[in-house]
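The values are calculated or read from the model by the stated rules, or taken from the named source; none is laboratory data. What you are looking at is a predicted structure, and each value in this text was computed from that prediction instead of being measured. Cβ placement follows ideal geometry from the backbone for every residue including glycine, while neighbour counts extend to all protein chains displayed. We work out accessible area using only protein heavy atoms, side chains counted, and drop any ligands, DNA or RNA first. Shrake-Rupley method; radii C 1.70, N 1.55, O 1.52, S 1.80 Å.
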Amino acid sequence: MANEDIFKKVVAHAKEYGFIFQSSEIYDGLSAVYDYGQNGVELKNNIKNYWWDSMVKMNEEIVGIDSAIFMHPTVWKASGHLSAFSDPLIDNKDSQKRYRADVLIEEHRAKIQAKIDKEVEKAKKRFGDAFNEHEFLYTNQRVLENQAKIDELNNRFINALDSDSLDELKQIIVDYEIVCPVSGSRNWTDVRQFNLMFETKLGSLNEGANQIYLRPETAQGIFVNYLNVQKTGRMKLPFGIAQIGKAFRNEIVARQFIFRMREFEQMEMQYFVKPGEEIKFYEQWKETRIKWHKALGLGDEKYRFHNHEKLAHYANAAADIEFDFPFGFKELEGIHSRTDFDLKAHQTESGKKIQYFDNETNESYVPYVIETSIGLDRMFLSILSASFNEETIEKEDGTKDQRVVLNIPPQLAPVKLAVLPLVKKDGLPEMAREIIANLKYNFNCQYDEKDSIGKRYRRHDAIGTPFCVTVDHQSIEDKTVTIRYRDTMQQDRVNIDDLEKIIDDFVNFKTLLKKI
Ligand code: ATP
């Protein structure tokens, strides 16, 4: 099945099974804003817990905070967001559609790359085992021509970004004859900058309204609390501050479901280090974060690093962890060595000394910072899309059946076990409820007595419930039940008293955290 079709199915599935709804749907929705439903919120909370535990519980030198969304407006002056947090936008006059100029250019570059890839595929088929890809790439005329186009485009693109030249971005779009994907025309406006921060007013106008912003990242709440935490927690370098919270960006083009939203959640950790030690810790955090992802078992090949060639003005090293979404490899998390840019900028704007006194060397300095920043919603989408599977299964009578299953890592699954009485009588429902009454302190359980057992299994496969426990007549006699495993569909007869241990072994975060 084409990846596009899988993505459509994942989006439809997320709605049908109570994971994600369009915001304000009864009013036709609000663009790029989503609500999490009854299963979505559980999955989201479990991701948050996995991240929080891996940061705060597992590392004695990392503590958490929860800072406010509203902040003093000067924060955004200091951080550079007021002057530089903008995207270059361009409108197509015929379709009235708005685009990010840099994205239009990147997509054009990807199209040329796709032509090269196609040539390689064709040649692979033609030459079979004798095919030498390296030689082909350096000798094939069509590949060389296209590669030259990409190189030239890259050069101009990087120069335009480096020099902040909006005119050159427009010229690239004109010269490469990039067309609007909707109207197909080249009738473009000029490129202009668009600040992504949402503005609002604090207080009533009479009291003297104050222009403030919805935070576009959670990191600044950490920086402005650096001194508070360092002093009250008597923290010694290196130490980290972690935070999970909402961020807001007025994205020009918000597409691809919850991949790019206008209101989203970030999980960020700022690690403060002695100047000069930042690259060592940057490398360490890259390693730790990729392990955190891979521990989930969705497939190591689904992750890759993308090291930034063009660094932001405040960074001296940066990489993204990209995930293989149904629409291709895209950024899931950023790891940045941010130098002392933010703390220094806040020191200058606030006039307060924001430094660290080093007992060992008897000197004060502004610490350097390594940041790990991951979008919770993108993480959610990565799990949902990698877990979604349509399977053809063979039934006991030899006929074939279809099932849709979410192979969500059991630790993150919204519901851990469903308890199903075989029939709605003979004391079986009571016994099922008793099992839940004992296990609900440990796990999120669901009781389900409607429809045939087969249908109930399918319903729970579709929301990723790792275990279904069936109570039958034998259960009354000998206090045993059958436990069915979601992924293998294998069924075992076990003692009711053993359920807690069996399930805990699968869903406890410990197994994941030990791999990091
Ligand atoms: P992109 O290049 O995709 O716009 P970014 O580089 O601006 O992302 P950062 O500012 O580094 O992103 O933010 C850190 C993380 O926050 C990203 O890796 C991503 O997971 C998440 N994120 C950023 N913007 C959005 C958004 N609009 N919707 C959902 N998640 C987002």
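Things to note:
- Carbon-plus-sulfur accessible fraction, the range 94-163 (probe radius 1.4 Å, protein heavy atoms only): 48%.
- Nearest-0.05 FRET efficiency for Lys15 and Asn187, computed from C-beta distance (R0 35 Å): 0.45
- Under 15 Å from the Thr232 label point (7 Å along Cα→beta-carbon), backbone N, the range 60-77: 63-68
- Here the range 4-155 is treated as an ellipsoid with the same Cα gyration tensor; its semi-axes, largest first and in whole Å, are 41, 25, 23.
- For the range 299-407, the equivalent ellipsoid derived from the Cα gyration tensor has semi-axes of 48, 14, 12 Å, listed largest first.
- When the P(r) is computed for the range 86-194, the part past 16 Å accounts for 62% of the Cα-Cα pairs.
- When the solvent-accessible area of the range 415-513 is split by element, carbon and sulfur atoms take up 50 percent of it, the probe being 1.4 Å.
- Surface share of carbon and sulfur [accessible, 1.4 angstrom probe, percent] for the range 301-368: 44 percent
- DSSP assigns beta bridges within the range 415-513; of those with both partners inside it, close to 55 percent run antiparallel.
- Based on every Cα atom in the chain, Rg and the maximum pairwise Cα distance Dmax equal 26.8, 81 Å.
- The range 125-247: C-alpha pair distances exceeding 26 Å, %: 63 percent
- Of the trypsin sites (Lys or Arg not before Pro) in the range 392-483, the ones in a loop by DSSP (not H, G, I, E or B) with at most 16 other beta carbons within 10 Å are Lys395, Lys424, Lys425, Lys440, Lys450, Lys479.
- For the residue pairs Lys330/Lys400; Lys424/Lys455; Lys93/Lys170; Lys122/Lys294, the C-alpha atoms sit more than 25 angstrom apart in Lys330/Lys400; Lys122/Lys294.
- Alpha carbon centroid spacing (whole Å) that separates the range 79-119 from the range 234-272: 23 Å
- Per residue accessible area in Å² of the range 86-194, where ligands, DNA and RNA are left out and the probe is 1.4 Å: 62 Å²
- Directionally averaged shadow of the range 183-280, computed from the convex hull of its alpha-carbon atoms, nm²: 12.1 nm²
- Per residue, the accessible area of the range 415-513 comes to 49 Å², computed with a 1.4 Å probe over protein heavy atoms only.
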